[in-house]
Amino acid sequence: MNQRYLPLAATIAIFLIAYAVCIAQYPNMLSTRVMGNLLTDNAFLGIAAVGMTFVILSGGIDLSIGAVIAFTGVFLAVLLQSTAIHPLAAFVLALVITTAFGALMGAIIHHLEMPPFIVTLAGMFLARGMAFVLTIDSIPIRHPFYATLKSLYYTLPGGGRITLIGGLMLLVFAAGILVAHRTRFGANVYALGGGAATAQLMGVPTGRTTILIYALSGFLAGLSGIVFSLYTSAGYSLATVGVELDAIAAVVIGGTLLTGGSGFVAGTLVGILIQGLIQTYITFDGSLSSWWTKILIGALLFAFILLQKGLIQFTGRRRRHA
Amino acid sequence: MQPDSSHVLSATGIDKIFPGARALNRVDFSLHRGEVHALLGENGAGKSTLVKCLTGAYARDGGRIVLDGADIDPQSTLEAQNLGIGTVYQEVNLLANLTVAENLFLGRQPRRFGLVSARKMNRRAKALLAEYDLDIDVTAGLAAYSVAVQQVVAIARAVDLSGKVLILDEPTASLDAHEVAMLFRIVRRLRERGLGIVFITHFLEQVYEISDRITVLRNGGLVGTRATADLPRRELIAMMLGRELVQEVAGGHGARGEAGDVRFRFRGFGRKGHIQPFDLDICAGEVVGIAGLLGSGRTETAEILFGAERADSGTAQADGRALDLSSPRAAIREKFGFCPEDRKVDGIVGDLSVRENIALALQARRGWARPISRGEQDQLADRYIKALDIRTSDREKPIRLLSGGNQQKAILARWLATNPDFLILDEPTRGIDVGAHAEIIRLIESLCEKGMSLIVISSELEELVAYSSRVIVLRDRAHVAELTGSAVTTDGIVEAIAASAGRVEA
């Protein structure tokens with residue numbers, strides 16, 4: 001087997017084994033209800049993680065997405081509370097703002113040759129601060145259109161529901177997979193992650209690609225913010241603190257190299273599902289502290305970093321002996 | 001030189017000026033259709049600068065480049081590539097994380113309904129590589145293949161993209177003999193297809209095996225372009241190392257060196273895979289020159305003498321006492337000094353002032369617990385700025401703002417400040433202008449009059465002849481000949497290098 005698929009295979013194997021263990025203990029976890037909830041509860045994280053996958057594949061990082069999600073939620077809540085604007089128009093406006101915000105960060109990273117870590121860290125503070133400027137309260141959203149959207153779902157056999165936001169996450173993943181593997185932009189993202197200088201020598205438009213990557217991440221963070229506001233029916237500037245780190249964890253557990261250039265968008269979906277599964281297990285158990293989620297995810301991350309390190313060394317050795 | 005129709009590429013009067021140095025001085029270069037043209041010269045001769053001017057990586061400061069009868073002025077390697085000039089570097093410039101096919105078609109993937117068609121891309125990659133007799137799995141990652149295969153993939157991509165001129169910049173440096181043969185088969189086939197191929201290497205055997213014509217550069221100037229068949233190896237080496245000044249400077253060394261007792265004695269000194277064990281005796285007040293082609297072990301000799309690479313065999317003695325040369329720190333304690341070849345990388349600390357650069361080695365020897373006072377530093381810096389005529393507006397100027405020759409003198413000052421007994425100079429006159437050359441040579445002579453022992457490595461043979469009392473000739477990482485007394489002439493050195501180079505081929 002092509003060893004590029006090894007981390008992805010490992011992730012899928014871990015998910016299946018973990019699910020099997022869960023079912024062995026709590027047979028009820030096999031129901032489509034649990035699966036449906038898994039998608040719904042993690043929809044906003046999954047959508048943001050698709051953007052993060054592109055950023056990490058290109059060798060970068062985006063620390064701003066948690067703050068952008070919160071900003072989007074607050075922005076929508078304030079806008080819907082104080083104006084008569086239709087939610088769909090508000091959604092478009094929010095997406096335009098967050099996409100432009102991401103593109104701006106990408107432009108700074110490329111043109112000023114700044115490390116993405118610093119630029120997006122600044123973006124994180126900026127977005128969080130803007131949310132606070134709008135309001136410091138948690139504002140409920142009571143628009144009837146929200147109720148309509150929340151009532152849309154597809155019922156699976158067994159009573160499970162694919163909600164609008166859960167389905168949207170699956171769609172975003174499908175689109176992400178297509179873009180990453182079947183477009184020239186996707187190839188350029190991988191090329192950038194393999195080495196920016198070499199990619200440039202080979203004719204990759206590095207500037208345009210970098211800006212597009214962060215714009216995409218900003219767009220998906222905005223979309224994630226919309227989904228989060230649908231999920232919670234509120235906007236709160238202190239919400240989704242640290243979501244960017246959960247997204248990074250999902251990407252890495254999904255088998256993408258943190259140094260860039262190798263990985264799969266599909267792996268991130270499995271990474272999200274593993275995180276969700278751990279949480280669901282703890283809910284089912286009832287006696288475990290929710291901090292066990294963090295501990296298990298931490299252990300998994302370590303395991304994956306070791307796996308990747310081992311793979312890189314293995315590849316290096318083979319190459320020297322070839 | 002007029003462009004004519006047999007030329008696919010001709011460059012005339014190419015100038016390139018860097019701050020403080022003229023990298024190319026009115027260089028002419030022409031490339032026929034269907035020829036392999038070797039571009040030769042020592043480090044710093046201007047080979048890579050010329051190539052970078054041709055491929056648009058550097059903007060030239062003067063001259064004309066004509067490709068297929070039309071003037072071109074590429075601003076980037078990408079533009080040159082689109083015009084028809086492709087380049088393959090020693091360090092393969094492909095992406096190891098992508099598949100072979102993705103590397104070949106990056107940026108021009110075949111598409112169906114707007115989406116990249118991997119199947120079509122893989123099929124075309126397979127067909128493309130078949131032209132090079134390469135039957136590999138194009139869907140596997142590039143990293144899974146050897147450097148030789150990667151090199152062929154890089155050539156396939158470059159030829160497919162450009163198709164008129166192919167520049168190979170030291171493509172064989174990390175290949176074994178079998179892989180070189182494979183590469184040369186491909187180069188010959190491309191030559192038959194009518195490509196003009198520029199081949200840069202420092203392996204002379206390979207030059208004679210594959211090239212049709214040879215252009216030699218030295219010190220940024222054109223030495224000449226000759227048909228390979230009419231250029232004996234000896235003459236080629238003489239072209240590369242230069243001997244125009246032979247008559248004028250020869251004989252200056254006779255007066256000194258014979259007298260004096262052996263001060264430093266190295267026996268069986270060497271390191272596996274680095275430099276074979278050698279014996280070396282140096283008297284006080286003697287200059288020993290080291291000559292050889294690039295890669296013959298010159299710098300390796302210097303590094304082992306200074307402890308930058310630890311010797312794994314042999315002994316070193318000074319006046320009968322064993323020396324500890326296990327590290328540069330130990331060597332400095334034994335009063336050794338070393339001015340390395342690439343001063344920009346290994347020598348100067350660009351953002352520190354001239355004063356700080358000069359005080360660096362002395363401070364290192366004294367240890368950080370006993371700092372040199374500012375007054376002492378000022379005094380030291382002023383003394384050497386005056387003694388060596390370092391041209392700087394003041395001693396606090398960052399050293400990177402000085403010209404190459406003055407940087408070199410500042411580094412010399414750094415070691416002279418430690419008052420060494422034994423000083424190694426690796427290419428002390430590289431990349432500095434002619435006037436500064438003479439000053440450095442005078443400096444070397446005066447140092448040895450003061451009783452210092454010097455080892456000077458240089459590819460400027462006439463300089464070596466001018467100041468060395470003995471010259472050691474290196475080949476294949478071994479000391480192969482030692483010339484003394486009246487045998488120290490540029491002809492003698494060229495002869496010794498050529499003789500050994502001939503043995504390599506056999």
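The values are calculated or read from the model by the stated rules, or taken from the named source; none is laboratory data. Since the model is a prediction, treat every value here as computed from it, not as a measurement. Because the Cβ atoms are built from the backbone with ideal geometry, glycine has one as well, and the counts that use them run over all protein chains shown.
Side notes on the structure shown:
- Residue in segment B:102-116 that is farthest from B:I136 (Cα to Cα), counting only those that are more than 7 Å from every other protein chain (Cβ to nearest Cβ) and not aromatic (F, W, Y): B:G114
- Scope segment B:70-101; condition more than 11 Å from chain A (Cβ to nearest Cβ) and of a type in the set (D, E); matching residues: B:D71, B:D73
- Per-region count, segment A:257-302, residues within 14 Å of chain B (Cβ to nearest Cβ) and among the β-branched types (V, I, T): 1
- Any hit, segment B:46-59, residues being within 11 Å of chain A (Cβ to nearest Cβ), more than 28 Å from the chain's Cα centre (by Cα) and of a type outside the set (A, V, I, L, M, F, W, C): no
- Of the residues making up segment B:119-139, those that are more than 8 Å from chain A (Cβ to nearest Cβ) and touching a residue at least 12 places away in the same chain (Cβ under 8 Å) number 14.
- Against the criterion of being in contact (Cβ under 8 Å) with a residue 60 or more places away in the chain and not in a helix (DSSP H, G or I), B:L94 qualifies.
- Any hit, segment B:429-442, residues being modelled with pLDDT of 80 or more, of a type outside the set (D, E, K, R) and surrounded by 19 or more Cβ atoms within 10 Å (Cβ to Cβ): no
- Residue ID - surrounded by the most Cβ atoms within 10 Å (Cβ to Cβ), chosen from residues in segment B:155-179 that are away from chain A (no Cβ under 14 Å) and assigned to a loop (DSSP other than H, G, I, E, B): B:P171
- Selection from segment A:23-57 of residues that are assigned to a loop (DSSP other than H, G, I, E, B) and small (G, A, S): A:S31
- Single condition B:V152 does not satisfy, out of (1) over 24 Å from B:R233 (Cβ atoms); (2) within 14 Å of another protein chain (Cβ to nearest Cβ); (3) surrounded by fewer than 17 Cβ atoms within 10 Å (Cβ to Cβ): (3)
- Out of A:G73, A:G60, A:G66, one residue alone is part of a loop (DSSP other than H, G, I, E, B), buried (at least 18 other Cβ atoms within 10 Å of the Cβ) and not basic (K, R). It is A:G60.
- Matching residues in segment A:127-157 - criterion: being touching a residue at least 40 places away in the same chain (Cβ under 8 Å) and in a helix (DSSP H, G or I): A:A127, A:R128, A:M130, A:A131, A:F132, A:L134, A:F145, A:Y146, A:L149, A:K150
- Put simply, of B:R414, B:R442 the only residue that is assigned to a helix (DSSP H, G or I), within 26 Å of B:H274 (Cβ to Cβ) and more than 19 Å from the chain's Cα centre (by Cα) is B:R414.
- Consider segment A:183-225 and keep the residues that are assigned to a helix (DSSP H, G or I) and polar (S, T, N, Q). The one that is nearest to the other protein chains (Cβ to nearest Cβ) is A:T198.
- Segment A:59-109 - residue that is of a type outside the set (G, A, S) and touching a Leu at 6+ places or on another chain (Cβ under 7 Å) and, of those, farthest from A:V243 (Cα to Cα): A:I85
- Close pairs (6 angstrom Cβ cut-off, 6 or more residues apart or separate chains): acidic (D, E) in segment B:430-452, modelled with pLDDT of 70 or more and crowded, with 21+ Cβ neighbours inside 10 Å anywhere: B:E445/B:Y467
- Selection count where residues are within 14 Å of another protein chain (Cβ to nearest Cβ) and touching a residue at least 12 places away in the same chain (Cβ under 8 Å), scope segment A:158-174: 0
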